[in-house]
Amino acid sequence: QVKAQGKNGFMRYAPEMHRSHCERVDLSNELRIAIESNQLTLHYQPQIDLVHGRVTGVEALVRWQHPERGLLGPNIFIPLAEEEGLIFPISDWVLNEACRQQASWRRSGLTDLKVAVNISPLEFNRADVVERILLPIRTHQVPPESIEIEITENLLMDDAESVIAKVQELRKHGLRISIDDFGTRYSSLNYLRRFPVNTVKIDQSFVRDLDSTGRQSPVISAIVGIARGFGLSVLAEGVETAFQIEALLQHGCDVMQGFHFSRPVPADEVQRYIEAQALATL
Ligand code: C2E
Ligand code: MG
Ligand code: MG
Ligand code: MG
């Protein structure tokens with residue numbers, strides 16, 4: 001099989017390799033087994049506040065340690081999981097594992113680290129999603145304030161009233177909410193007015209554009225401006241270069257996440273990364 005080592009360090013299948021029906025059935029059966037036999041794993045990518053020089057949180061990103069195919073990234077199996085209804089057990093697993101890890105970090109002294117978890121729109125549209133999110137938080141006794149839920153912008157358009165109600169409910173319980181890949185969908189800056197979210201994550205495509213467009217990005221300016229106007233925090237994703245950092249700081253965006261700082265790494269490396277950061281600022 002033709003594989004290329006992806007940027008994230010896991011195998012990517014070449015785009016021209018459209019999955020045949022059989023291959024698809026195989027993969028979804030394997031995914032079913034994978035969920036039960038603990039082949040899923042979470043990697044975590046640090047989020048850095050450049051003004052205070054510290055790691056404020058980590059984003060949990062799911063991977064599949066496939067027995068033959070190696071470490072598979074979510075782009076390979078999340079869309080399939082969404083089509084096959086497997087996204088629900090995956091979400092439960094991810095939420096539980098993220099909370100378990102957060103509890104463990106807190107016991108070892110990392111007490112002001114947020115853990116962000118991606119929630120698929122299919123999951124978020126379930127009537128009982130709030131309960132499903134709260135359950136592992138209670139089980140592992142982590143402060144709800146230390147968990148951030150990442151939802152995507154297109155959710156805001158689907159069924160705005162019920163989404164707003166769920167976001168409000170989660171906020172009432174203390175959780176934080178961020179909007180992922182902001183600016184890439186139906187651009188709905190005005191929706192922000194109605195959504196009680198905490199953070200807007202500027203999509204990495206705009207960060208990448210900084211390289212060709214120079215230091216000024218009208219899109220980033222607009223996002224930062226409107227987010228600040230609504231009292232929200234802003235985080236830039238996919239930061240890879242010092243040039244991008246400089247440009248983002250000039251735009252007033254000072255919390256960042258990207259390969260320049262760290263790739264998504266296993267939990268034990270997060271701890272080492274944070275300790276190294278702390279030493280560096282002594
Ligand atoms: P996302 O939530 O927008 O996550 C950011 C993606 O960008 C991650 O890819 C991350 O590894 C990658 N990334 C981070 N920094 C850089 C950088 O500097 N340069 C580049 N080129 N990429 C960078 P990943 O881990 O492959 O995840 C892809 C998407 O899969 C995520 O996008 C998210 O939408 C989804 N996903 C990941 N984990 C989960 C999960 O547990 N549940 C659900 N429902 N979706 C997930
Ligand atoms: Mg995300
Ligand atoms: Mg994103
Ligand atoms: Mg994305």
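Note down the magnitude of the dipole of segment 72-227 about its Cα centre, charges +1 on Lys and Arg C-beta and -1 on Asp and Glu C-beta and zero elsewhere, to the nearest 20 debye.
Computed charge dipole of segment 72-227: roughly 680 debye.
Considering only protein heavy atoms and a probe of 1.4 Å, how much of the accessible area of segment 14-98 is carbon and sulfur, as a whole percent?
The nonpolar share, carbon plus sulfur, comes to 52 percent.
Normalising by the residue count of the chain, find the relative contact order in percent from Cα pairs under 8 Å and 6+ residues apart.
Worked out over the chain, it gives 17 percent.
Jot down the per residue volume, in cubic angstrom and as a whole number, of the convex hull over the alpha-carbon atoms of segment 200-282.
Each residue corresponds to 103 Å³ of Cα convex hull volume.
Can you list the residues, at least 5 places off or on another chain, whose amide H is less than 5 Å from the amide H of Ile177, using H built in the peptide plane?
Placed amide hydrogens put Ile149, Asn198, Thr199 under 5 Å from Ile177.
Over the Cα atoms of segment 116-214, what Rg and Dmax result, in angstrom?
Reported Rg and Dmax, both Å: 14.4, 48.
Starting from one equal scatterer on each C-alpha and no solvent at all, send me the Debye-based log10 I(q)/I(0) for segment 30-95 at q = 0.18, 0.22 Å⁻¹, two decimals.
Treating every Cα as an identical point scatterer, log10 I(q)/I(0) equals -0.67, -0.88.
With θ set to phi - 60°, apply the Karplus curve 6.51 cos²θ - 1.76 cosθ + 1.60 along segment 102-118 and write out the HN-Hα couplings as whole Hz, x wherever there is a Gly or Pro.
4, 4, 5, 4, 5, 5, 8, x, 7, 9, 10, 10, 8, 10, 9, 10, 7
Which value, in Å to one decimal place, does the Kirkwood hydrodynamic radius take for the chain when every pair of different Cα atoms is included?
Kirkwood radius, the chain: 19.7 Å.
Name the residues whose placed amide hydrogens come within less than 5 Å of the amide hydrogen of Glu240, ignoring near sequence neighbours (fewer than 5 apart) on the same chain.
Close amide H contacts, sequence-distant or interchain: His260.
Regarding segment 137-272, what are the three Cα extents along the principal axes, ordered largest first, in Å?
Dimensions of segment 137-272 along the principal axes of its Cα atoms: 44, 40, 22 Å.
Got the relative contact order for segment 176-255 handy, in percent, Cα pairs under 8 Å and 6 or more residues apart?
For segment 176-255, the relative contact order is 32 percent.
In whole Hz and in residue order, list the ³J(HN,Hα) couplings for segment 136-148 that follow from phi through the Karplus curve 6.51 cos²θ - 1.76 cosθ + 1.60, θ = phi - 60°; x for Gly and Pro.
x, 5, 6, 4, 9, 6, 9, x, x, 5, 8, 10, 10
For labels at Glu36 and Ala160 in the simple 7 Å Cα→Cβ model, what's the distance in nm?
4.4 nm
Please give the per residue accessible area of segment 188-277, computed with a probe of 1.4 Å over protein heavy atoms only, in Å².
Counting only protein heavy atoms, the per-residue value for segment 188-277 is 44 Å².
What's the local net charge at Gln45, with K and R +1, D and E -1, over the other residues with C-beta under 11 Å away?
That works out to -2.
Taking all protein chains together and a probe of 1.4 Å, list His260, His52, His43, His173 from the most accessible to the least accessible.
Ranked from most to least accessible, the order is His52, His260, His173, His43.
For the chain, with a Gaussian network of springs between Cα atoms less than 10 Å apart, report the residue from Asp209, Asp181, Asp92 with the top mean-square fluctuation.
Looking only at Asp209, Asp181, Asp92, the biggest GNM fluctuation is shown by Asp209.
Check which residues have an amide H placed less than 5 Å from Asn125's amide H, if you skip close sequence neighbours.
Amide H neighbours of Asn125: none.
Determine the sum of side-chain charges near Gly57: Lys and Arg each +1, Asp and Glu each -1, restricted to other residues whose C-beta is under 15 angstrom from that of Gly57.
Cβ neighbours under 15 Å give a net charge of -4.
Karplus couplings for segment 217-228 from phi (6.51 cos²θ - 1.76 cosθ + 1.60, θ = phi - 60°), rounded to Hz, Gly and Pro as x?
10, x, 5, 5, 4, 5, 5, 4, x, 6, 4, 4
Please give me the summed charge of the neighbours of Gln141: other residues whose Cβ is under 11 Å from its Cβ, Lys and Arg +1, Asp and Glu -1.
Summing Lys/Arg as +1 and Asp/Glu as -1 gives +4.
Using helices alone, what [θ] at 222 nm do you get for the chain, with -39,500 (n - 2.57) per DSSP H run of 4 or more residues, divided over all residues and rounded to the nearest 500?
Computed mean residue ellipticity for the chain: -13500 deg cm²/dmol.
Just want to confirm a number: the relative contact order over segment 118-184, from Cα pairs under 8 angstrom separated by 6+ residues, in percent.
Averaging sequence separation for qualifying contacts and normalising by length gives 40 percent for segment 118-184.
The values are calculated or read from the model by the stated rules, or taken from the named source; none is laboratory data. Given the structure is predicted, the values throughout are model-derived calculations rather than measurements. Please note: Cβ atoms are built from the backbone with ideal geometry, for glycine as well, and neighbour counts cover all protein chains shown. When the accessible area is computed, the model is the full protein with side chains, heavy atoms only, and any ligands, DNA or RNA have been set aside. Shrake-Rupley method; radii C 1.70, N 1.55, O 1.52, S 1.80 Å.
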